[in-house]
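Worksheet for the structure shown next.
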There are 2 protein chains.
Amino acid sequence: MTVSSLSKPLVLALDAMGGDFAPDIVVRGAAKAREKYPETKFIFFGDETKVSPLLASYPGLKAHCELRHTPEIVTSDMKPSHALRQGRNSSMRLAINAVASGEASCVVSAGNTGALMAMAKFVLKTLPGIDRPAIATLIPTQRGETVMLDLGANIECDAENLVQFALMGAIFCHTILGRTSPTIGLLNIGTEELKGHDEVRIAASILRDRPMPGKLIGFVEGNDITAGTADVIVTDGFSGNIALKSIEGTARLISHFLRQAFESSLLAKIGYLLARGTLLRLKKRVDPRRYNGAMFLGLQGVCVKSHGGTDAEGFANAIGVAHDLVVHGFNEKIAQELATQYGLNNAHEHGEAL
Amino acid sequence: MTVSSLSKPLVLALDAMGGDFAPDIVVRGAAKAREKYPETKFIFFGDETKVSPLLASYPGLKAHCELRHTPEIVTSDMKPSHALRQGRNSSMRLAINAVASGEASCVVSAGNTGALMAMAKFVLKTLPGIDRPAIATLIPTQRGETVMLDLGANIECDAENLVQFALMGAIFCHTILGRTSPTIGLLNIGTEELKGHDEVRIAASILRDRPMPGKLIGFVEGNDITAGTADVIVTDGFSGNIALKSIEGTARLISHFLRQAFESSLLAKIGYLLARGTLLRLKKRVDPRRYNGAMFLGLQGVCVKSHGGTDAEGFANAIGVAHDLVVHGFNEKIAQELATQYGLNNAHEHGEAL
């Protein structure tokens, strides 16, 4: 059962203890997000002694949230299997459970990615017709934004996994970005049909024949991601993670070079001062915080992962991503599409808690 | 037998017909390179009717080169296996043959990468102790330059391949960049020991124990490439190609955004004019042409691949890369290191031409 929030105030479950600067950024992020989405309510899961004093500073937020105490946390270096066995009362796990029980419409955590995926998959289960969930995000490109998945949930993927990622990515692109027939590109190391390993070539041949809520344009290469060649970029979690982090690293490198350049002479300094407003707008445009909030697609419930090192602004954006997925009924649309394509129904029940 | 050029003028074999703008950029690139390396001589392989008129414009170059006519070419969309069978008289093949026969010390081509690798491997053979050649390049980072390999020669690699890439990368870094004990990072999707697929984890455990001309620092992630976390980044050809092209694409995206920003207001335009000198120096610093020239490491002969779409400046840089590999005796050093490590000798002979 996927949770629809349209008939009641939207309730978000927040892992208050996940992330390098938790619980501070979680509480402040929620306060920021509530300004934008005043219909939301929050359930914070975490250590009362730490979260409660923070909430005291935000009376507007406090009036629309609930705090559930747990002293247990999932640490950033915990193995997913360990977290699954030992973290049954952790803030992360209890927040996920709240989605499974229907108390909350979605969960947001800045904690350990592997543990969050393992727990979310175990508790919420995958959508019928989806074998493996994938991590997706939006990437800024020369032609707007592109959806890329998988970003690290699945190190090795077979052709059918890639096909399912394409389907989920296309529905996401249609539902959230409003593009009616999104173009889909399979990430490869050449655009010729013979290039790449078996999985990616078989996936291409399946996608060419199967009716899809999007259109395969074929293979794309690493540089096509930020060129915006396709609305949806599909790849395995190993390559996807490396591509995403290579993009982030390059943005940091160039920003480092630019800073050096603008500090290198008096003329350059004055030039910078004059162009400052524009450059700050550009900085804001490519601000990684703006793109914070990776979605776990393919689960029976909305789960969003924030960068571990983000600040309150970034965490608020991750909440916004979760909010949008719920109000646009993203999961319901995937289930519908799968039912149309494969005659599947959405009768799976949430798994029992461990 | 690897070719040493130290006792005679350095002779480079050039595939005059490879690349989007060949033979124009090849001839002009060679003319540029000769200004920097006046001791070099060139053998051009290609269509006399096209190359000869171009050479006529560069009498200084013409006096130090030879033109060998062949009407056959390897096209950019030709399958490597097809090129290998059908391209025995192609400009690319004849240029490689010149290295095998000892006439030239190295070969440079801007043609079809897959065909070049297949032919070079077939004709020149791999160095003893190296199972598969790899494509390597230099990448600009926050701390100077980093060597990355493989960039696309091997879609799937086993642990031993990765170990050999690490060895070749470290020797390259030591020989060409002068770093005495280069740090080596294995590209992965997390820095924890449990992360990644089997191959990368087994490679790490081998590299930890094996004496190497460099030092394994462990796993690195996509963002570490341009951060300069390691002197040598080792990965399989699929991930490496995607990482490299993601980096190139991001640099293009940001440069596109910057252009837009500087054109967006009068103040920004004036700011740009003031900072122009500095920004142009920065542009030069990250100019992809400066990093043109991917090296095929692990062959019994020096083979350098230029970007297909490069201009004369970029092609001249690729010639420079080949030049440096030869004069620093890079292949001899790998052979020496392998002999020391494994008791191998360098007695392989070049393969016969097909």
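Listing for the model above:
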| read-out | value |
| --- | --- |
| Any chance A:Ala318 is within 27 Å of B:Ile242 (Cβ to Cβ), part of a helix (DSSP H, G or I), assigned by TED's automatic domain parsing to the domain that holds A:Ala118 and of a type in the set (A, V, I, L, M) | yes |
| Every residue from segment B:261-282 that is closer than 14 Å to A:Ala268 by Cα, surrounded by fewer than 18 Cβ atoms within 10 Å (Cβ to Cβ) and not β-branched (Val, Ile, Thr) | B:Leu267, B:Lys269, B:Leu273, B:Arg276, B:Gly277, B:Leu280, B:Arg281 |
| Residue match in segment B:124-145 (condition: buried (at least 24 other Cβ atoms within 10 Å of the Cβ), touching a His at 6+ places or on another chain (Cβ under 7 Å) and not aromatic (Phe, Trp, Tyr)) | yes |
| Residue match in segment B:171-181 (condition: crowded, with 20+ Cβ neighbours inside 10 Å, under 19 Å from the mean Cα position of the chain (by Cα) and within 30 Å of A:Ile139 (Cα to Cα)) | no |
| Residue satisfying all of: in segment A:221-239; crowded, with 24+ Cβ neighbours inside 10 Å and free of Cβ contacts under 8 Å to residues at least 60 places away in the same chain; nearest to B:Asn188 (Cα to Cα) among these | A:Ser239 |
| Exclusive hit being within 18 Å of the chain's Cα centre (by Cα) and under 22 Å from A:Thr310 (Cβ atoms), set A:Gly87, A:Gly19 | A:Gly19 |
| Counted residues, segment A:180-201 - those being small (Gly, Ala, Ser), within 14 Å of chain B (Cβ to nearest Cβ) and either on the phi > 0 side of the Ramachandran plot or assigned to a loop (DSSP other than H, G, I, E, B) (or both) | 2 |
| Hits in segment B:202-211 - residues which are in a helix (DSSP H, G or I) and surrounded by fewer than 17 Cβ atoms within 10 Å (Cβ to Cβ) | B:Ile202, B:Ser205, B:Ile206, B:Arg208, B:Asp209 |
| Any hit, segment B:178-185, residues being charged (D, E, K, R) and either within 30 Å of B:His323 (Cβ to Cβ) or modelled with pLDDT of 90 or more (or both) | yes |
| Residue among B:Ile247, B:Ile242 that is hydrophobic (A, V, I, L, M, F, W, C), without any contact (Cβ under 8 Å) to a residue 60 or more places away in the chain, facing chain A (nearest Cβ under 7 Å) and not in a loop (DSSP other than H, G, I, E, B) | B:Ile242 |
| Candidate set from segment B:290-315 (those that are small (Gly, Ala, Ser) and surrounded by 18 or more Cβ atoms within 10 Å (Cβ to Cβ)); member that is farthest from the other protein chains (Cβ to nearest Cβ) | B:Gly301 |
| Residue count, segment B:307-343 (criterion: among the β-branched types (Val, Ile, Thr) and farther than 22 Å from B:Val99 by Cα) | 2 |
| Count of segment B:202-220 residues which are touching a residue at least 24 places away in the same chain (Cβ under 8 Å) and not hydrophobic (A, V, I, L, M, F, W, C) | 6 |
| Whichever residue in segment A:250-289 is at the interface with chain B (Cβ under 7 Å from one of its Cβ atoms) and among the polar types (S, T, N, Q) and, among such residues, is farthest from A:Ser306 (Cα to Cα) | A:Ser265 |
| Candidate set: segment B:22-55, residues that are assigned to a helix (DSSP H, G or I) and among the acidic types (Asp, Glu); chosen: the one nearest to B:Ala316 (Cα to Cα) | B:Glu35 |
| Residue in segment B:93-116 that is of a type outside the set (S, T, N, Q), within 14 Å of chain A (Cβ to nearest Cβ) and out of contact with any strand residue (DSSP E or B) (no Cβ under 6 Å at 6 or more places or on another chain) present | yes |
| Residue check for A:Asn345: within 25 Å of the chain's Cα centre (by Cα), at pLDDT below 85 and away from every other protein chain (no Cβ under 14 Å) | no |
| Residue match in segment A:316-336 (condition: buried (at least 21 other Cβ atoms within 10 Å of the Cβ), within 14 Å of chain B (Cβ to nearest Cβ) and either of a type in the set (Ser, Thr, Tyr) or under 19 Å from A:Pro140 (Cβ atoms) (or both)) | no |
| Residues located in segment A:212-239, provided they are under 15 Å from A:Leu162 (Cα atoms), of a type in the set (Val, Ile, Thr) and either not in a loop (DSSP other than H, G, I, E, B) or not assigned by TED's automatic domain parsing to the domain that holds A:Arg143 (or both) | A:Ile217, A:Val220, A:Val232, A:Ile233, A:Val234 |
| Complete set of residues in segment A:218-239 that are among the polar types (S, T, N, Q) and facing chain B (nearest Cβ under 7 Å) | A:Asn223, A:Thr226, A:Ser239 |
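So that you can scan it fast, the table gives a plain yes or no per residue for (1) aromatic (Phe, Trp, Tyr); (2) away from chain A (no Cβ under 14 Å); (3) surrounded by fewer than 21 Cβ atoms within 10 Å (Cβ to Cβ):
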| site | (1), (2), (3) |
| --- | --- |
| B:Gly46 | no, yes, no |
| B:Lys62 | no, yes, yes |
| B:Cys65 | no, yes, no |
| B:Ser76 | no, no, yes |
| B:His82 | no, no, yes |
| B:Gln86 | no, yes, yes |
| B:Ala120 | no, yes, no |
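The values are calculated or read from the model by the stated rules, or taken from the named source; none is laboratory data. Keep in mind that what you see is a predicted model, and the values were worked out from it rather than measured. Backbone-built Cβ (ideal geometry, glycine too); neighbour counts: all protein chains shown.
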